[in-house]
1. So, in Å, what gap is there between the alpha-carbon centers of segment 125-162 and segment 322-349?
2. Points 7 angstrom from Cα along the Cβ direction at Ala151 and Asp498: gap in nanometres?
3. So if R0 is 22 Å, what FRET efficiency would Gln209 and Leu242 give, r being the distance between their Cβ atoms, rounded to the nearest 0.05?
4. So how much slack lies between Thr368 and Glu35, counting 0.36 nm per residue of separation and subtracting their Cα-Cα distance, in nm?
5. Taking a 27 Å limit on the Cα-Cα distance, which of the listed pairs Lys106/Lys263; Lys304/Lys478; Lys364/Lys442; Lys293/Lys696 fall beyond it?
6. Between Gln44 and Val60, 0.36 nm times their residue separation minus their Cα-Cα distance comes to what?
7. About the Cα centre of segment 135-275, how large is the charge dipole given +1 on each Lys and Arg Cβ and -1 on each Asp and Glu Cβ? Please answer in debye to the nearest 20.
8. Diagonalise the Cα gyration tensor of segment 204-268 and give the resulting equivalent ellipsoid semi-axes, square root of 5 times each eigenvalue, largest first, whole Å.
Amino acid sequence: MSSKHNNKSNSNDDATNRRRKQQPRGFKRPPPQEEIASLNARIQEETPSRGTLPYAKNAVVSFASQPLSQATLQGLETNGYTTMTAIQSGSIPHALAGRDILGAAKTGSGKSLAFLIPLLETLYRQGFTPHDGVGAIVLSPTRELAGQLFAVLRKIGKFHSFSLGLVMGGQNKNKQKFDNNDFVREQQALPTTNILICTPGRLLQHLEQTPYFNVDSLQMLVLDEADRILDMGFRDQLIKILDYLPTERQTLLFSATQTKSVKDLATLSINRNTVEYVGVHDQDAETTPDKLKQSYVLVPLPHKLNCLYSFLKSHLKCKTMVFFATCSQVRHAWELFCRLRPGLSVLAIHGKLSQTKRLQVYDKFTTTPHSVLLCTDVASRGLDFPAVDWVIQVDAPEDYDMYVHRVGRTARFQQSGQALLLLDPNEEASFVNQEQQERKLKAPLQKKSINPTKTMLVSQRAAALVAEHATLYALAKKAFWSYVRSMSLLPKDGIWSDLNIRNFSWEEYALSLGLPEIPGDLEQVLQKVSSREGLRETKNVNRKLQKLKEQIRLEKEAKKKNKRKREAGEDGDVKSVAEVEEDDDLLVLKSRHEFVDDDPLASTAVTSGRKPKKIRIDGRNSAINQHVVFEDDGTEQPRLLETRETDIDEIVAQGEEALRGASETYLQKVRQRLESTKDLDKQEERERIRAKHKKKRLQEKSERAKDKNGEEDGRVSVALLQSPEEENTVEQKEDSSSDDDNSIASSDSSSSDSDNSDGDIMDVMQQEDLALLLIRSKS
Ligand SMILES: Nc1ncnc2c1ncn2[C@@H]1O[C@H](COP(=O)(O)OP(=O)(O)OP(=O)(O)O)[C@@H](O)[C@H]1O
């Protein structure tokens, strides 16, 4: 391969000259051939024996002591990387010797550099130039992670002359025209790309469709989050990809929850007798980072949103990630919380957001210190957001691996962090099972409880908002059904095997989302989704039904449009999407376009070249395309009750008459419910305030006493209690890592919080009155 160096083109010389200019003074790189020969000799000499860790786990080993090229060392140094982490010192010497690696280490321990450095070195020592084609491919399960790896590679590979490519598709909003442009641009760049970072779906698309995309010179294949790429969602794509790649290559697999399955290794043509397994934390007592504090609280499903909102209100100076089970729940919670204004930036990321929007949110959360990111598991793996203080899991994870990745978004690389899991009482026995935990999870989960005097009720406000906004109503419905579906489809052989989802308070859960009741026949749905067969059947029936509905709707729309044109001219009460977007940033009508899946595979099902759609001011859609929505892993999203992503499509599909009828009944129900619970809620709220005031008085009294005694013990009020036994205790000693939070909590409790609570009671009453007023005016 080194002969390839002799074939350098002029453009490559230019690139080399440019890079030389970037190099700091005094930086002298030896002539490549000489340096390469010396590196090869050192590697041969210093390669550790198979099956051994080259250094003790806690040894301080510098990058400079390794047989690495000057360009790589320079790249590392300029970015502040001087000493290696355990996984780096454990795996890099083996990887430099060309061995296949199975690397396992805790989240945030520096696995990315553990494979990116050998990747640069291998290509460098092989003398790769842009004309040698693809020498290394890194597969990532999500676009955000691919983008993050690309950014790290650019930084540390700055002094090399390789061409890097990031291929993940769906850069623009889901318009096939734009996506095609991206795809064509990628196709043009691929033949001269040396290192490719990509998601499996897009790579496969290129392997199948890009004529001059030659992967015959591939030296190295890396699977970041390997167990995820090898699991069901990506497996088929991976197998197809592997068909195109040469089998003679080095393969590196990294993850915090590594696969050791023989089947997986065979899939990747890895010889299990020669692969190096580097599990630097295997002997540790815990599978999660050392500086991560983990706890769980029992919160009945219908109270989870109350609990989350209260938590956010008392942690305004924190950066928090909140995990939900489904995209629809994230969308609903985001819409709701944006309207409830908890007092910090509320962001949301999930698989159905357009790529442009996803990148914006990613950047915003990276740079905003006090913010909350509501997300699905699309953000659970690999993402390295700086300084995340808290990870909250509103919905329990599907399995322990997912738990490890979710909580691993905080306490990264020597930092501390906290994680809180909200478990419904029905879930406790399955998740916090001693035996299973000791065997698999090995995480020090502490049970805490919620301080009731600190909990705010948002469900009343949610009901008022849902009554007012049709978009929110549609989102609440979707959130409800998507959660039911996700719970019904939990793996039957995993930790949730004993869970009976019929034990959940579904009626109350619906109310907590702002719905007046369960929006449909729950029993029927549970029966249908109880088996995957049932789900598939439902999906097919739904598609046919949807097609028919769509046809009828289009005919109706055409008729209406003509009528409107005749009566009021083109403009009438019709607004363009852009106009609606301007009206209200939070309206979901805006996201109707953005939430459409941008998966390249999905995009083929989207009609292109249409005129801009028009939407009625009142939020009813006037032009709906039928489209297929894919999950991030490329699988088609089942459509049990959701037919499409437009917010009010189901209402529209029922036609004008049905809509009016439904809205009447709905408002009637909300009215009844608000009337019936009004006194009760007011009384509850009063009691809460009374308790709070009493607590405040006691606190002030004790503070006065302390002042008198000159005492200062640093105790502050917090929302979480240490253990259920301490449920009535409102003060506890705080740990240093959450000082910020608690200073807020404490200042809230002394001044602003009591304002808040007054504000809350006013709010609830006002909201109720407002809702009733609204209902009356509508009826
Ligand atoms: N040798 C090093 N010196 C200093 N910082 C490092 C070093 N290696 C990695 N880091 C930093 O540690 C953080 C976590 O690294 P990285 O994202 O690679 O972790 P990871 O093990 O891949 O985590 P996950 O399992 O979540 O994917 C990053 O911010 C990275 O810059």
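1. The two parts, judged by their Cα centres, are 34 Å apart.
2. So the two model labels end up 4.4 nm from each other.
3. Values: r = 18 Å, r/R0 = 0.80.
With a Förster radius of 22 Å, E is 0.80.
4. 115.5 nm
5. Numbers: Lys106/Lys263 23 Å; Lys304/Lys478 17 Å; Lys364/Lys442 33 Å; Lys293/Lys696 29 Å.
Pairs exceeding 27 Å: Lys364/Lys442; Lys293/Lys696.
6. Details: separation 16, 0.36 × 16 = 5.76 nm, distance 2.24 nm.
Using 0.36 nm per residue and subtracting the Cα-Cα distance, I get 3.5 nm.
7. Working: 16 positive and 14 negative charges, 70 e Å.
In total the dipole reaches around 340 debye.
8. Details: eigenvalues 93, 36, 20 Å².
Here the semi-axes work out to 22, 13, 10 Å.
Read-outs throughout are calculated quantities, based only on the coordinates presented, and are distinct from any laboratory measurement. Model, not experiment: these values are computed from the prediction. In this analysis, Cβ positions are derived from the backbone assuming ideal geometry, glycine residues included, and neighbour counts consider all displayed protein chains.
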